[in-house]
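Every number in this text was worked out from the coordinates using simple rules, so none of it is lab data. All values derive from a computational prediction rather than experimental measurement. Every residue, glycine among them, receives a Cβ derived from its backbone with ideal geometry; neighbour counts consider all protein chains shown.
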Ligand SMILES: [Zn+2]
Ligand SMILES: [Zn+2]
């Protein structure tokens, strides 16, 4: 039996890679404007990093990690990349540099989930992490970067949903209130919610279980909750952020129940939805994580970031066509074809020829699929020193010198 790619993984073939390259190129362009630097951290890390960094009440850590032992050391394929970037930030003493330090990353992440449309076990994320600034101007910039990047790849009708989940102090009362409202029907909730109830009740609002969501609605949970009462510091920060967003002309809607699925967020949390393809799709999630650097053993460092799933972005943008090469050399003289192809490549053009010296008709057929122009080098051409150049889009052909030939591609 032939071997297939494991369930939940996917080959990205040449005709699909064009979109991937487009997305990463746009990311690069936009992130450069904001002075973000790319960072590449290992695909696997100490399991401990994610347990401490992502949080042991999250589904990610409890159910979805690919963890393995090597020489008695527990390692995990990264399920997300914030923890890894923070680990690198601490390990290389980057907190000693003058802030802000701004990073972006792109790469595969791994989560053992049930594969479904747009959700793979090996998937890719683009993300940014901005370290060292307490002021809300960096939260606004963080959101601005995401919006500008999404627009640059053609996603429109973006909605930024915004909330502040405050600090531990402001959340205490909200958690108690939430627990009180939930306790009458706690027994009917899923097992996850039951364990969240003690460990991290906020997470209950994030439950994806249909039965739980039905119970929330039947009991008017959200209607009965007043939003998190922010302490003066968190409240000022949130007001400042909204002012900055207004200044930057970034429209947002406040969603007091947006809590995000990770343990490390403090104050600002946000999601960006896109209305491409008729339905609303969450394409970006992020927030502030002022305690994570400290939790992972570094000095207290405020930070904010976001991540986007690239598979999802890909599904929302039109499929770009594979780029054609400039020239395809059609010849029955292998030596001359090799020479001309090399000469064209040396001048910076993309060029190919037929390595198997098939019939001209076969060579032209291949050329018309992959190239803009065919350069025909037959016996006549070799004798006369001219090249017959065929425009493969309109099949117009003419004889020209090498000097003329290399000017037809602008
Ligand atoms: Zn607070
Ligand atoms: Zn639940």
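Working ranking of peptides 219-226, 52-59 by packing, defined as the average number of other Cβ atoms within 10 Å per residue, highest first, is 52-59, 219-226. Ordered by the count of other Cβ atoms within 10 Å of each Cβ, fewest first, 102, 240 give 240, 102. Compute the FRET efficiency between residue 112 and residue 21 as 1/(1 + (r/R0)^6), taking r as their Cβ-Cβ distance and R0 = 22 Å, and round to the nearest 0.05. In this case the efficiency is close to 0.20. For segment 153-289, DSSP calls about 80 percent of its internal beta bridges antiparallel.
Look at 304, 128 and count the other Cβ atoms within 10 Å of each Cβ; fewest to most, that gives 128, 304. With helices as the sole contributors, the chain gives -11000 deg cm²/dmol at 222 nm; each DSSP H run of n ≥ 4 counts as -39500 (n - 2.57), and the sum is divided by every residue.
Here the gap between residue 46 and residue 398, fully extended at 0.36 nm per residue and compared with their Cα-Cα distance, gives a gain of 120.4 nm. For the chain, the longest principal axis of the alpha carbon atoms and the long axis of helix 136-152 meet at an angle near 40°. Using only Cα atoms, tell me the angle between helix 14-33 and the longest principal axis of the chain; keep it within 0 to 90° and round to the nearest 10. The angle comes out near 60 degrees. Full extension of the chain between residue 68 and residue 38 gives 8.0 nm of extra length, using 0.36 nm per residue less the Cα-Cα distance. Remark: spin-label model distance residue 323-residue 227 equals 4.6 nm, labels positioned 7 Å along the Cα→Cβ axis. Across the alpha-carbon set of segment 133-176, the Rg to Rh ratio works out to 1.15, Rh being the Kirkwood radius. What FRET efficiency comes out for the pair residue 199/residue 294, r = Cβ-Cβ distance, R0 = 25 Å, nearest 0.05? Efficiency computed from Cβ-Cβ geometry: 0.80. Each part reduced to its alpha carbon centroid, segment 155-178 and segment 304-377 end up 51 Å apart. Note on residue 254 and residue 382: their simple-model spin labels are 7.9 nm apart, each label 7 Å out from Cα toward Cβ. Relative to the dominant Cα principal axis of the chain, helix 334-346 is inclined by about 50°.
Each of 312, 288 was scored by other Cβ atoms within 10 Å of its Cβ. Arranged with the fewest first, they read 312, 288.
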